[in-house]
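The values are calculated or read from the model by the stated rules, or taken from the named source; none is laboratory data. All of these numbers come straight from a predicted model, not from anything done at the bench. Methodologically, a virtual Cβ is constructed for each residue, glycine included, from the backbone with ideal geometry; neighbour enumeration extends over all protein chains shown.
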Amino acid sequence: MRGMGGGYTQLLINGERMPPGFSLDDLPPDQVERIEIMRSPTAEFGARAVAGTVNIVLKEALKRTQDEVRLGVSGEDGRLFPMVSWTHNDKIGEAVNYTFTLSANRHDIRDVTDTYTHWYDLNHNKASILEQHETEVTNYQRDGVMLNGRIQITLAPDETLVLQPFLMTSRGSSTVQGTLDQGAGSAFTPPYARYETGGDSRMSSVRGNAQWQKNLGDGGKLEIRGGLTNSVSDSHSLRHEFNTANALSRTLDDQSNTRETGWTMLGKWSQQLENDHSIVAGLELDSSKRVQTRTTLQNGSPILQDFGDDMSASVMRTAVYVQDEWNPTKQISAYAGLRWEGIQTESDSTTYQSSNFSSVVTPLLHATWRPDEKSRNQWRTSLTRSYKAATLQNLVARPSLSPLYPTGSNVASSPDKAGNPNLAPELARGFEIAYEHYLEKGGLLSANFFYRQINDLIRNVVTLENTSWSADQRWVSRPQNVGNATVRGLELEAKFRLDEVWTDALPVSLRGNVSFFHSEVEGVSGPHNRLEGQPKGTANLGFDYKMRSLPVSMGASVNITPGYDVQLTDAPIGQKTSVGSKVVTDAFVAWTINPSAVLRFSVNNLFPRDYGNLSSIVSGSQWQDVESNNPSKMRWTVRLELKI
C-alpha cells in the first residue's frame, strides 16, 4: 500500500496477525470471503499500519451441507505444480455449523540469476580493481498440506462460540549450482571458481483459536478471543566450493532447528449508546518465544562459537485501546480512538544477552462528511499516529557471515549481517483527505491524498567494524535508526461499468488507478533520497466481462511500476540502489459448465520481461557496483471447481 513495503502495511487474517511461518501463498483463494482495506490505522485493529491495513476475512461455516472439490495444475518454465483442495460444510443438530478445507500443493521452481560485481579506484581514473560475474542456477521443490476449519456453536440465542483449528506442514529441497568468473589482474584471489549446494527443510505449524461472543442487551456486546500456536522448522544445507583447478577448497555445513510457541488473549467490549455514540474498549496480550539450535561447520570445524549454537528470543506485547464512533448528524460521522501498545523483546545465547522495550501511544481521529444526505458521495479525513516496530530478526545480534568472504577481510558489496538490539520503533504522524463519488450503477471515482512524517527511520547501513568474530576488520550491515523521513502521495481510482457512461456499450466492468508517491529522508542528499522500496508511482488497468450469449466470463489487468533510484546513505559510506521498471499482465477465462462446475484458465505475467537491480557503495576512493539480472516468467493455471 502507498508503494511502501518492508513492514509498513499491516496484514491481518480475521482481524489477527498472521501466525509464524504462515505465507499468503499457502492460503487457497477459495477460502477467502472478502478483503478489507483500511487506509489509516484504527484503535481496534492496531497502529502498526503506517501505510494501512489489509484484513483477509475467511469464509464462515455454511448452514447447508455442501462439498466443494478443486483440482488444478499450474505450469512455469516447463514445470508443473499440481494442487487439490476439498471443502466440506455440514451441521450437527441446529446449534453447530462447521466447515473445513483440506488442501495440498506442490511447487517446482527453477531460477537463473546473473550478478556482476565491479570495483573501481576513484583516485586512478576509475581504474578497475575487481570484476566478477556470478551465475547461479537454483532448483527448488516444495510439497505442502494445509487444514483449516471453523466450528460455530450457538450456545444461546445471544451467545456463540467459534473454534478455528489450523494445521500446516511442508517439506522442501533445493540444489544450487554457481560459477564465479573473475577478471585477470585483480588484486583479490577469487574465493572459489564454482560451488554446489544441496539443502532440505521441513516446517509444521499448529494453531487453535477460540472466540466467545455474547450480546449483553441494550446494545452491549462482549467478545473474548484466545489462541495457542506451535511451529517447528528444521533446515540443513551443505555447500562445496571448488577452486580453478576443480579441487575442493571449502565446505560449509549449516544445520538449524527452530521452535516457536505463542499464545494470544484478547477481550473487547462494545456498547451502543442512545445519543448515537458507539463505544469500544479492549485489551490485547500476546506472547511468542523462539528457541533455535544452529550448528555451522566450516571444513568440519565450528565457526561463530563466541555466539553459541543455542539461542532463544521472546516477544511480549500488551495493548489497551478505547474508541468512540459518533454520528452527530445524518451527514457527518466521526471516530476518535486512543491506543497504547508496549513490546518487550529479549534474546540470549551462551555469551550474550540483549533486551529491548518500546511503547507507543497513538491517538486517532477520523471523520466523514456527505454534502447531500440522499447521496453516497462523501469526504473522508484522518489525523493519526502509527508505528513500525523492529522485527525480532533485526534485534538479535547474532551475525551471519558473508558467503563470498567468510574469513579474513570481506568487501563492502558482500558484508556480514548482524542485528541491533538498541533499535527504536519508527513513529509516524499522518494526515489524509479523500473524496469519493459514486455513480448510479455502483461505479466509483475517488481521489486520496496522504502524508506521513516518520521519525527514527530504520535502514540497513554498511560500515567497516572491528568485530569479535574476526581478527581482521569486516564490512558489516546492521539496521540503524538513521533519522526522519516524510512521505506523501496522491491516489486516483475509478471503477465503473462501461454502460454507465455509454448507453449502448457492453456491460464491461472497468477498473483503473494511478498513484504518485514522493518521499524524502532527512540527512541524505537528494534528489534520490527516497524511502527504500518505494517507487515514484504505480498504475493499474483492468476489466472483467461476462458474456451474454455464453456462460463464460473473462478479464485482464496490467500493472506498471516505473524504475527508480534510491540514495540510502551519504559519505563516508555512500550506498545507492537502482530498481528496474516492471510491467505485469494477467488474464483469465472462466467457463460455467453448470451450476455445480466451473473451469478456470488464468495466465500470470502474460508478457514476461526481465528486470535488473543495481546497488553501489562508495567508500573513500573505492566504488563498488553490484548488478543483478532477475528473470521473469509466465505462469498458467487450469482449475476445475466442483460443488457436490
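Worth a mention:
- Residue in segment 559-603 that is surrounded by the fewest Cβ atoms within 10 Å (Cβ to Cβ), counting only those that are among the hydroxyl-bearing types (Ser, Thr, Tyr) and touching a Ser or Thr at 6+ places or on another chain (Cβ under 7 Å): Ser581
- Single residue of segment 437-492 satisfying the filter (among the acidic types (Asp, Glu) and touching a strand residue (DSSP E or B) at 6+ places or on another chain (Cβ under 8 Å)) that is farthest from Thr362 (Cα to Cα): Glu465
- Thr154 meets each of the listed conditions (1) surrounded by fewer than 15 Cβ atoms within 10 Å (Cβ to Cβ); (2) within 29 Å of Thr189 (Cα to Cα) apart from (2).
- Of the listed requirements (1) over 28 Å from Ser515 (Cα atoms); (2) modelled with pLDDT under 90; (3) surrounded by 14 or more Cβ atoms within 10 Å (Cβ to Cβ), Gly93 misses just one: (3).
- Condition met for Gln480 (closer than 27 Å to Leu568 by Cβ and among the polar types (S, T, N, Q)): yes
- Looking only at segment 96-135, residues that are outside any helix (DSSP H, G or I), at pLDDT below 90 and more than 30 Å from Pro29 (Cβ to Cβ) come to 13 in all.
- Where a residue in segment 627-643 is touching a residue at least 40 places away in the same chain (Cβ under 8 Å) and farther than 12 Å from Pro608 by Cβ and its partner, wherever it lies, is part of a strand (DSSP E or B) and of a type in the set (Phe, Trp, Tyr), with Cβ under 6 Å and at least six apart: Glu627/Tyr116; Val638/Phe601
- Some residue of segment 141-157 being of a type in the set (Gly, Ala, Ser) and within 30 Å of Val618 (Cα to Cα): no
- Within segment 597-638, the only residue that satisfies the criterion of being among the basic types (Lys, Arg), within 26 Å of the chain's Cα centre (by Cα) and in a strand (DSSP E or B) is Arg635.
- So Leu365, is it within 30 Å of Val322 (Cα to Cα) and modelled with pLDDT of 90 or more: yes
- Residue within segment 218-230 that is modelled with pLDDT under 90, surrounded by fewer than 15 Cβ atoms within 10 Å (Cβ to Cβ), of a type in the set (Gly, Ala, Ser) and more than 23 Å from the chain's Cα centre (by Cα) present: yes
- Residue in segment 372-383 that is touching a Leu at 6+ places or on another chain (Cβ under 7 Å) and either modelled with pLDDT of 85 or more or under 30 Å from Gln298 (Cβ atoms) (or both) present: yes
- Against the test of being in a strand (DSSP E or B) and under 29 Å from Ser477 (Cα atoms), the options Tyr387, Tyr335 yield a single qualifying residue, Tyr387.
- Odd one out for Lys441 among (1) basic (Lys, Arg); (2) at pLDDT 85 or above; (3) out of contact with any Ser or Thr (no Cβ under 8 Å at 6 or more places or on another chain): (2)
- Of the criteria (1) closer than 30 Å to Pro302 by Cβ; (2) in contact with a His (Cβ under 7 Å, 6 or more places away or on another chain), which one Gln177 fails: (2)
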